[in-house]
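Data block below; observations after.
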Amino acid sequence: MPEAPPARPSPPARPGPQASQATARARRVVGALTGLLLLVALGVYGMGGANRAFADLGMTTVALLAAASCAIAAGSASGRLRVAWAGLSGAALSWALGAAFWTWYELVLQTTGPFPGPSDVGYLGFPLGAVIAVAVFPSNVDRADLRRQTLDGLTTACAIGLISWGTALGAVVHAGGDSLLGTAVSVAYPASDLALLVVCVLVLSRSRTHRLPLALIATGLALMVVADSGYAYLVATDSYTAGSNPIDLGWFFAFGVLAFAPLMRGATMEDREAKAPTVAGTLLPYLPLGSAVAFLGWQAATNNPVSLVETSLALMMVVLVLLRQFLTVRDNQRLARALAVRELQLHHRAFHDQLTGLPNRALFVDRVQHALALHRRDRHPLAICFLDLDGLKGVNDGLGHSAGDDLLRQASGRFRGQLSDADTLARFGGDEFAVLLENEPDPVAVGHALLESLRAPFTLAGHQASVLASIGVARVDLLDPTPTVDELLVRADHAMYVVKRRGKAGVLLHTTGLQLEEVDDVLVGRALAQALTDKQLTVSFQPVIDLTSGGLDTLEAMARWAPEGHPVAPEVFMRAAESCHLIDSLFRFVLAEALDHLERWTTLPGGSALRVAVKVAPGQLSCADFPRLIQTELGRHGLAGSRLVLEIRESGTLVHTATTHAVCHELRDLGVWLSVDDFRSGMSSLAQLRDLPINEIKVDRSFISNLDRDEARRRLVWGVIAFAERVGVTVVADGVEREAERDVLTHLGCHQAQGILFCGPVPPEAVDALLRSPGSWLPGIHRSPTSPT
């Protein structure tokens, strides 16, 4: 039979609730005993000193308590923390054993212990264990910080060593001892104190995690150094007596603090959140350096000779400081270069497509805005091409998305080959690209070149694939009004969608009359016919203001349709009405509604001379019965023909036949005003002024926008107004949005205006309120029709 697989080793068991509670009780007991012992020591030494037995036994006990506290912490910790606390426990235990031997000789044998002897081994084991423990304590220091802290440690060691040599260590070395071992042990004590001081400085300066436990450890080590130094001084002056010198409290509190360090919150848990280095911690390594410099200065001032060892240590400090500064400068330079590279990468990523490396939509829009600003200022022409790849989905589905990504990269490369360095090619995302052409005389030709670049098959994942594109072009010529970025993108997008509706793989230039063909006009027409039957449409009115008097002159009627609360754009249902032969029904509805309200407004203050304007399709003027319809509706409401304005859409096709001429003259005989809507000063508009009895022209809003800032546009509007004055035609400015535009129009002699500056389209109830609050719509301004400025 096959052997069973070896059992997976079980993970180490976590301490259960009972073990955790026992550990917590042990910590509380050790903490309480330590605190009690320290209070007793303070009281005893505060009352004049203790006897030798209390001093020896008390210091041994507090060291054992510190060892026990650190041992408990090591049992609760893991990883480097366990090693660190175990090391501190061993160090405290070593010192306690040394103190125990000392106590044995003094209290039991009633003699002085041998030197060197077992006590020295225990005492010197403490700094060795403490240094190792602190070195392995987790600190979350990176490699660069580790190099700098190593240099800080060496510099601190040299500085403290220089001071120690000039005060104690040098004297000990020169004094020598009874034997080589004795001399070595004598030197080891101040040397170990030096090591402890260095460790204290590094612990306090480097700590980014476990700051409170490390601060207590450093405090305990520093108290140990103070106690050792005080003891050495008192022994040298023959003034030390165990139990009668307050210096003993240094050892008591050194181990007391070490006993409390593991009791701090988080002392036995990994601290994953590294804190930022403090200013005090950063400057701390320079304190011993400054002290060493001050010590050398004091020696020079008191004419004390500087030894060779002190000179060597001073030179080493200078070299280490210079090396430290060199590393700091180099790291700062590296950091600055890394930040600069990162900033460039982030900037490139923010404004470029990651797949193709092309500019993205944000950068493209920024460049289009700049090009439009140049057109507005210097009349520089521009154009954009909007490209949508035909067939990318099939490549993704058949060959995978990696092949689709490869296709996009190859297509962008082909596009680049058809463009100049001055053109901007961008990827908008998915299969959409856009091109900005500045000073390009024939953007449609560029569009065809881009399309032809796709004719050759693509090699994708070892297969041949053919992909073409639908391309819409939007152009802004020299004398065109400057559009916004969104308007320009919408034009190109509309043209591109029309190409897709017509069969894809083509190029189309956006024109004024271009309509989207993605809406099914038949479905819209059916819904519109039902809405007309059910009277679901409404009519809003937009005021037309007389610029001379500031009064309300005309209200333009506008059909509105919002089935189930969702508005349908007028251009959508108007196009459907024309294609589904509903334009007559829609006109009759709007006409009836407008005249119904006009009849009611006539009875209100200021309403007797009010007129309404209704848009009429050019084809309706070719119907011989059209004037009879108008006459019937006017008679039904008891209104004169002069109260009605019929606006002929200039964008439509008005066939100049004998019937059209007869219809227009019959309307004129009824007193009805004929207005040319969206007048653009083109040849068709001028022909209508020449051949038809036109009373009014409404200047397209594209000529009115920013009229006060565009000299060429202002001259053009002045020319239209001057011509209209000569042929006796009223001029209405459409789309006035700012007071500055209104003021220029008034100065140029424009008769009337409408736009959101005065009032947008409002429901009939709002017109009632306007009539009941008579007042000046616009302050009158003196007219000067003979000057363009």
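Filter the stretch 336-386 down to the residues that are farther than 17 Å from VAL435 by Cβ and among the basic types (Lys, Arg) and list them by number.
Answer for the stretch 336-386, where residues must be farther than 17 Å from VAL435 by Cβ and among the basic types (Lys, Arg): ARG337, ARG342, ARG349, ARG376, ARG377, ARG379.
Testing GLY606 on (1) over 24 Å from ILE697 (Cα atoms); (2) of a type outside the set (A, V, I, L, M, F, W, C); (3) in a helix (DSSP H, G or I), one condition comes back false. Which one is that?
(3)
When you check GLU737 against the structure, is it under 51 Å from the mean Cα position of the chain (by Cα), modelled with pLDDT of 85 or more and more than 16 Å from LEU646 (Cβ to Cβ), yes or no?
Yes, satisfied.
Among the listed residues LEU313, LEU308, LEU399, identify the single one that is over 27 Å from VAL498 (Cβ atoms), in the same structural domain as THR484 (by TED's automatic domain parsing), hydrophobic (A, V, I, L, M, F, W, C) and modelled with pLDDT under 90.
LEU399 is the lone residue from the list that is over 27 Å from VAL498 (Cβ atoms), in the same structural domain as THR484 (by TED's automatic domain parsing), hydrophobic (A, V, I, L, M, F, W, C) and modelled with pLDDT under 90.
Is it the case that the stretch 463-478 has a residue that's under 26 Å from PRO761 (Cβ atoms) and either touching a Leu at 6+ places or on another chain (Cβ under 9 Å) or of a type in the set (Asp, Glu) (or both)?
No: the stretch 463-478 contains no residue that is under 26 Å from PRO761 (Cβ atoms) and either touching a Leu at 6+ places or on another chain (Cβ under 9 Å) or of a type in the set (Asp, Glu) (or both).
I need a count of the residues in the stretch 442-490 that are within 19 Å of GLY391 (Cα to Cα) and among the acidic types (Asp, Glu).
Of the residues in that region, 1 qualify.
Can you tell me which residue is surrounded by the most Cβ atoms within 10 Å (Cβ to Cβ) among those in the stretch 609-623 that are more than 53 Å from the chain's Cα centre (by Cα) and in a loop (DSSP other than H, G, I, E, B)?
LEU610
Restricting to the stretch 717-739, what's the tally of residues that are more than 21 Å from ALA613 (Cα to Cα) and in contact with a Lys or Arg (Cβ under 8 Å, 6 or more places away or on another chain)?
Going through the stretch 717-739 one residue at a time, the tally reaches 0.
Please determine, by comparing only the residues of the stretch 590-606 that are crowded, with 19+ Cβ neighbours inside 10 Å and not aliphatic (A, V, I, L, M), which one is farthest from PHE679 (Cα to Cα).
TRP601
In this structure, does THR302 turn out to be surrounded by fewer than 13 Cβ atoms within 10 Å (Cβ to Cβ) and within 30 Å of ILE163 (Cβ to Cβ)?
For THR302, the condition - surrounded by fewer than 13 Cβ atoms within 10 Å (Cβ to Cβ) and within 30 Å of ILE163 (Cβ to Cβ) - is met.
Give the residues of the stretch 390-406 that are of a type outside the set (Gly, Ala, Ser) and under 31 Å from the mean Cα position of the chain (by Cα), sorted by residue number.
Within the stretch 390-406, HIS401, ASP405, ASP406 meet the criteria.
Assuming LEU124 fulfils every condition listed in (1) out of contact with any Phe, Trp or Tyr (no Cβ under 9 Å at 6 or more places or on another chain); (2) crowded, with 17+ Cβ neighbours inside 10 Å apart from one, which condition is it?
Going through the list (1) out of contact with any Phe, Trp or Tyr (no Cβ under 9 Å at 6 or more places or on another chain); (2) crowded, with 17+ Cβ neighbours inside 10 Å, LEU124 breaks only (1).
Only residues that are outside any strand (DSSP E or B) and in contact (Cβ under 8 Å) with a residue 60 or more places away in the chain: list them for the stretch 533-559, please.
Once the filter is applied, which keeps residues that are outside any strand (DSSP E or B) and in contact (Cβ under 8 Å) with a residue 60 or more places away in the chain, the stretch 533-559 yields LEU547, THR548, SER549, GLY550, GLY551.
Within the stretch 604-645, how many residues are at pLDDT 90 or above and either in contact with a Pro (Cβ under 9 Å, 6 or more places away or on another chain) or among the β-branched types (Val, Ile, Thr) (or both)?
6
Can you confirm whether the stretch 433-448 contains a residue that is among the charged types (D, E, K, R), in the same structural domain as VAL365 (by TED's automatic domain parsing), touching a residue at least 12 places away in the same chain (Cβ under 8 Å) and closer than 29 Å to ALA350 by Cβ?
Yes, because at least one residue in the stretch 433-448 is among the charged types (D, E, K, R), in the same structural domain as VAL365 (by TED's automatic domain parsing), touching a residue at least 12 places away in the same chain (Cβ under 8 Å) and closer than 29 Å to ALA350 by Cβ.
Within the stretch 700-725, work out how many residues are within 13 Å of THR482 (Cβ to Cβ) and outside any helix (DSSP H, G or I).
Looking only at that region, the number is 5.
Among the residues of the stretch 364-384, are any crowded, with 17+ Cβ neighbours inside 10 Å, of a type in the set (Asp, Glu) and at negative phi?
For the stretch 364-384, residues crowded, with 17+ Cβ neighbours inside 10 Å, of a type in the set (Asp, Glu) and at negative phi: absent.
Which one is nearest to ILE160 (Cα to Cα), of the residues in the stretch 216-243 that are at pLDDT below 80, surrounded by 16 or more Cβ atoms within 10 Å (Cβ to Cβ) and not aliphatic (A, V, I, L, M)?
Among them, the one singled out is SER229.
What pairs can you find where one residue is in the stretch 391-409 and farther than 12 Å from THR459 by Cβ, the other is of a type in the set (Asp, Glu), and their Cβ atoms are less than 6 Å apart, with a gap of 6+ or different chains?
Hits for this filter: LEU392/ASP431.
Specify which of the listed residues (THR659, THR653) is modelled with pLDDT under 85, more than 21 Å from ALA592 (Cα to Cα), under 60 Å from the mean Cα position of the chain (by Cα) and in the same structural domain as VAL736 (by TED's automatic domain parsing).
Being modelled with pLDDT under 85, more than 21 Å from ALA592 (Cα to Cα), under 60 Å from the mean Cα position of the chain (by Cα) and in the same structural domain as VAL736 (by TED's automatic domain parsing) holds for just one of THR659, THR653, which is THR653.
Give the residue, chosen from ALA32, ALA41, ALA22, that is in contact with a Phe, Trp or Tyr (Cβ under 6 Å, 6 or more places away or on another chain) and assigned to a helix (DSSP H, G or I).
Criteria check complete, one pass: ALA41.
The values are calculated or read from the model by the stated rules, or taken from the named source; none is laboratory data. None of the values given here were measured: they were computed from a predicted structure. Neighbour counts run over all protein chains shown; Cβ positions are idealised from the backbone, glycine included.
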